[in-house]
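Below is one structure, written out as structure tokens; the observations come after it.
The values are calculated or read from the model by the stated rules, or taken from the named source; none is laboratory data. Bear in mind that the values here come from a model prediction, so they are computed numbers and not experimental data. Glycine gets a Cβ as well: all are built from the backbone with ideal geometry, and neighbour counts include every protein chain shown. The protein model used for the area step is the full one, side chains on, heavy atoms only, and it has no ligands, DNA or RNA in it. Shrake-Rupley method; radii C 1.70, N 1.55, O 1.52, S 1.80 Å.
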Amino acid sequence: MASVPNSKGYFGSYGGQYVPETLMVAHRELIEAYEKFRKDLKFKKELNYYLTNYDGRPTPLTFAANLTKKTKGAKIYLKREDLNHTGAHKINNCLGQILLAKRMGKKRIIAETGAGQHGVATATVCALFGLQCEVYMGEEDVHRQSLNVFRMKLLGAKVNTVTSGTKTLKDATSEALRDWVTNVKTTYYLIGSSVGGHPYPMMVRDFQKVIGIEAKRQILKAEGRLPDALVACVNGGSNAIGLFYPFIKDKKVKMFGVEAAGDGVNTSRHAATMAKGKPGILHGSRSYLLQTSEGQIAETHSISAGLDYPGVGPEHSYLRDTGRAVYVSATDKEALEAFQLLAQTEGILPALESSHAVFHALRLAPKMSKKSIIIVNLSGRGDKDVNTALNRLGSKYA
Amino acid sequence: MSQQLHNLMAAARKNKKALFLPYFCVGYPTFNASLAAAEAALEAGATALELGVPFSDPISDGPTLQKATQFSLENGTHFEDVFRLIRQLRMRGYEQPLLVMTYLNMVEQMTWRKFAETLEAAGGDGAIVPDLPLEEFQEPKVILSQKGLSLIPFIAPTSSPERVKKADTQEAPFLYYVSVTGVTGARKTLATGLLKTLGDLRKKLKTPIVVGFGISNADQAGQVGRVADGVIIASALVQLISKTKISQIGKKVELFCAQVVQKLKHS
């Protein structure tokens with residue numbers, strides 16, 4: 001497989017740079033800055049410093065012995081992105097982009113957020129580097145993730161509630177783009193997932209690939225060989241591409257992306273873009289999208305606010321079409337089942353997003369031999385989801 | 001390309017008389033009301049119309065157009081309605097150029113080929129697609145021009161000289177100049193430096209320049225008209241429509257548009 005994206009930002013036919021003319025200059029500027037600094041030793045050194053001493057990398061690769069015993073199949077390992085500072089993989093990308101923004105001389109940072117994890121991570125790095133921060137968040141998500149809203153405010157960020165459209169992540173992203181169009185000269189848009197116009201999907205992947213690089217080194221040390229399967233939840237898909245990317249050339253390693261099936265992919269309430277979407281253009285790139293036959297973007301549903309976006313990163317669309325990765329889904333109910341099981345067998349409360357991936361591992365493991373190895377990306381921790389879980393499961397534990 | 005639109009714009013440049021291209025959102029507040037508004041504008045002397053197709057995620061639009069397009073969508077407006085509106089205007093004998101403003105995903109789903117066929121059959125003249133960058137222009141431009149339709153390039157205050165030059169070589173009837181660094185929406189004053197920038201651009205570019213975003217009233221249109229070849233007004237008209245009883249929309253729109261046309265004549 002040729003290296004992707006190409007110079008115009010295409011992963012096969014996906015990706016590109018479909019943005020209003022006003023923003024073309026900002027994308028050009030960003031490409032130039034990124035090309036310059038990605039190879040710069042000082043930049044790499046500084047990023048490594050913060051990843052190690054601030055974020056707490058490398059994150060462990062934990063053998064889930066009890067879960068493995070219970071599922072009676074493949075050995076299940078967990079890549080512990082939940083142990084990052086701020087509780088999810090989002091900070092890896094934020095540290096990379098904030099160092100870039102600083103070098104580009106930008107003083108104001110904007111971001112979109114769904115579950116609030118990326119918003120919190122952005123607010124965190126802005127506090128660390130003394131930059132002004134504004135986060136756009138859909139009204140729906142502001143209500144269901146009120147704790148994260150407060151966290152962002154505590155960190156000094158301004159949180160703008162978005163009331164247009166479906167009042168979720170896609171509308172927050174549109175609003176952040178409108179802010180950027182207006183303030184492009186002073187403002188850096190810190191996108192949180194592997195979506196958007198070129199170079200964002202590539203850049204976010206590059207800042208997240210540390211997950212896969214570490215996982216590879218760690219599994220080779222623990223088992224002396226590569227894993228048979230990787231499993232990660234996918235929406236925009238930054239945690240998944242971060243884990244997958246360093247293994248793409250290792251053809252024997254199967255890769256599974258797990259989307260949110262909400263009430264089920266055959267209902268009207270889900271966010272399974274790969275299962276039910278078609279290629280289209282939203283927020284700067286071509287990718288699979290949930291949409292009507294006319295091209296209006298569809299409403300989505302998932303129990304996890306972080307998987308509630310009607311699109312998916314362009315590189316995932318490419319991996320799907322080339323068959324290198326396989327995309328499956330898990331329902332709200334299945335995610336909740338995995339959420340409880342992991343808590344009770346391993347003492348780890350995963351984010352509801354990551355619980356989708358855990359569920360797929362539970363589905364896969366019993367069908368594989370005991371010698372097989374699965375790595376699940378535990379992209380975040382579940383503290384933020386305790387309220388949601390209480391609402392859904394409270395009576396069971398009363 | 002649309003020869004009529006091309007000729008009109010070329011004449012505007014030659015005579016230094018700016019043209020008026022108002023925008024209406026199809027299906028806002030109802031299909032018939034948008035048709036009445038479009039007719040009224042043409043009666044008042046608008047040169048051409050920009051007919052907006054509502055899209056669920058209009059990233060270039062400010063609150064006014066967002067609300068109008070969302071309202072129209074919720075009212076059940078479909079892509080087909082813009083072609084229906086064009087057909088209705090042609091049936092009533094209006095011959096002015098009619099441009100469709102749509103976000104790219106809608107056209108991608110229909111395919112450019114089908115879009116061009118449908119637009120030509122309806123009697124339209126071209127398309128304005130704010131999220132289609134110049135880099136992706138060639139293929140759709142050719143498909144449209146085979147049907148005698150135009151594709152309008154955008155230039156913005158942030159466009160590099162190379163990009164402006166590239167837009168100028170597209171053989172378009174005009175370039176859509178985004179007057180503000182920002183989204184659509186009526187503004188109290190014109191962007192600082194706008195008139196000087198436009199004056200300089202007009203000297204440099206062979207393609208006529210039509211200015212949109214943030215022009216709110218006849219006076220502002222008059223000022224811009226002295227240094228540009230055409231003026232687009234969108235949000236201010238939509239605001240006017242939103243405040244007007246449906247039965248009065250035609251009358252109010254005609255009055256507003258007639259004022260703009262007058263100002264442009266005398267500027």
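Would you please give the FRET efficiency between A:Lys72 and A:His143, computed as 1/(1 + (r/R0)^6) with r the Cβ-Cβ distance and R0 = 41 Å, to the nearest 0.05? With a Förster radius of 41 Å, E is 0.50. Separation of segment B:142-175 from segment B:183-220 is 17 Å, based on Cα centroids.
In segment A:132-179, which residues become less accessible by 50 Å² or more once every protein chain is in place, relative to the chain on its own, using a 1.4 Å probe? Residues meeting the cut-off: A:Arg178.
Comparing the full protein assembly with the isolated chain (1.4 Å probe, heavy atoms, ligands and nucleic acids excluded), the residues of segment A:1-49 losing at least 30 square angstrom of accessible area are A:Tyr18, A:Pro20, A:Glu21, A:Thr22, A:Met24, A:Val25. Taken per residue, the accessible surface of chain A reaches 36 Å², heavy atoms only and a 1.4 Å probe. Think of chain A as a dipole: +1 on every Lys or Arg Cβ, -1 on every Asp or Glu Cβ, centred on the Cα centre; then among A:Met104, A:Val376, A:Gln17, A:Val376 lies furthest on the positive end.
When the alpha carbon gyration tensor of chain A is reduced to an equivalent ellipsoid, the three semi-axes, largest first, read 30, 23, 21 Å. Computed from backbone phi, the HN-Hα couplings of segment B:44-54 come to 6, x, 4, 6, 7, 10, 10, 10, x, 8, x Hz, rounded to whole numbers (Karplus: 6.51 cos²θ - 1.76 cosθ + 1.60, θ = phi - 60°; Gly and Pro given as x). Short-range pairs are left out: with C-alpha atoms under 8 Å and at least six residues apart, the relative contact order of chain A is 20 percent.
Each of A:Phe150 and A:Leu41 was given a label point 7 Å from its Cα along the Cα-to-Cβ line. The distance between the two points is 4.8 nm.
Rounded to the nearest 20, the size of the Cβ-charge dipole of segment A:136-212 about its Cα centre is 180 debye, with Lys and Arg at +1 and Asp and Glu at -1. In terms of its C-alpha gyration tensor, segment B:3-265 comes out rounded, because the ratio a/c of the largest to the smallest axis stays below 1.5.
With helices defined as uninterrupted DSSP H runs, which ones in chain A have an alpha carbon span along their own long axis of at least 15 Å and mean Kyte-Doolittle hydropathy of at least -0.5? The partial results should precede the final answer.
On the way: long enough: A:21-38 (26 Å, -0.42); A:90-103 (20 Å, 0.11); A:117-129 (18 Å, 1.11); A:169-183 (21 Å, -0.67); A:210-223 (19 Å, 0.14); A:332-346 (21 Å, -0.40); A:352-364 (18 Å, 0.46).
Membrane-span-like by this criterion, though nothing is claimed about a membrane: A:21-38, A:90-103, A:117-129, A:210-223, A:332-346, A:352-364.
Mean partner shielding of peptide B:59-66, defined as the number of other chain Cβ atoms within 10 Å of each residue Cβ, is 5.
The mean number of partner chain beta-carbon atoms within 10 angstrom of a residue's beta-carbon across peptide A:275-286 is 3. Reported value for the protein assembly as shown: 150 Å³ per residue, from the convex hull of its C-alpha atoms. Computed over protein heavy atoms with a 1.4 Å probe, the carbon and sulfur contribution to the accessible area of segment B:3-265 reaches 52%.
Sort B:107-116, A:297-306 for me by packing, meaning the mean count of neighbouring Cβ atoms within 10 Å per residue, highest on top.
On the way: B:107-116: 18.9, A:297-306: 24.6.
Ranking the peptides B:107-116, A:297-306 by packing returns A:297-306, B:107-116.
B:Gln239 sits among other residues whose Cβ lies under 14 Å from its own Cβ, and their net charge, with Lys and Arg +1 and Asp and Glu -1, is +4.
Spin-label model, B:Asp219/A:Thr267: points 7 Å from Cα along the beta carbon direction are separated by 5.7 nm. Taking the Cβ-Cβ separation of B:Asn15 and A:Asp250 as r and a Förster radius of 51 Å, what is the calculated FRET efficiency to the nearest 0.05? The computed FRET efficiency comes out at 0.15.
Counting Lys and Arg as +1 and Asp and Glu as -1, each charge on the Cβ, what is the dipole of segment B:3-265 about the Cα centre in debye, to the nearest 20? Before the final figure, lay out the partial values.
Values: 30 positive and 24 negative charges, 230 e Å.
In debye, rounded to 20, segment B:3-265 gives about 1100.
The A-B contact accounts for approximately 2800 Å² of buried accessible area, totalled over both chains at a 1.4 Å probe radius.
Remark on A:Phe256: its backbone amide H falls under 5 Å from those of A:Leu230, A:Val231, A:Ala232, A:Val326, a criterion applied only to residues 5 or more positions apart or on other chains, H modelled at 1.01 Å from N.
Which pairs, out of B:Lys14/B:Lys265; A:Lys221/A:Lys249; A:Lys90/B:Lys67; A:Lys102/A:Lys170; A:Lys45/A:Lys249, put more than 21 Å between their alpha-carbon atoms?
Values: B:Lys14/B:Lys265 14 Å; A:Lys221/A:Lys249 19 Å; A:Lys90/B:Lys67 33 Å; A:Lys102/A:Lys170 27 Å; A:Lys45/A:Lys249 27 Å.
Distance filter (> 21 Å) returns A:Lys90/B:Lys67; A:Lys102/A:Lys170; A:Lys45/A:Lys249.
The residues of segment A:295-316 listed by number as losing at least 50 Å² of accessible area in the complex, against the isolated chain and with a 1.4 Å probe, are A:Gln296.
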